[in-house]
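Everything on this sheet refers to the single structure shown next.
FYI, it's all coordinate maths here, none of it is from the lab. Model, not experiment: these values are computed from the prediction. Cβ sites come from the backbone with ideal geometry, for glycine too, and all protein chains shown count toward neighbours.
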Amino acid sequence: MADFTKIQAYQSAMSQARNMLEKGIIDKADYVLIENKLAGKYGLGFGSIYREIDLINVTYRANMV
């Protein structure tokens, strides 16, 4: 069973990183590095469904606009 406190902390930290990326404070390479380190810190494995995986959650994959 997943520890939801750790998942919530990870998601909160990633939200802050996403805000920095959108504001141009960090670039995409920094964002990937931050995501990787935070996932390790909070114990989320490579295949965890709670990680930020943009390969399956892209905004332009719908068949309608």
- Task: Collect residues whose amide H, placed 1.01 Å from N in the peptide plane, falls under 5 Å from the amide H of Ile26; neighbours closer than 5 in sequence don't count.
- Result: Leu21
- Message: Could you check the spin-label model distance between Gln11 and Phe46? Points 7 Å from the Cα along Cα→Cβ, value in nm.
- Response: 2.5 nm
- Tell me, what ³J(HN,Hα) does each residue in segment 40-49 have, in order and in whole Hz, if you take phi through Karplus 6.51 cos²θ - 1.76 cosθ + 1.60 with θ = phi - 60° and put x for Gly and Pro? x, 4, 9, x, 9, x, 4, x, 5, 6
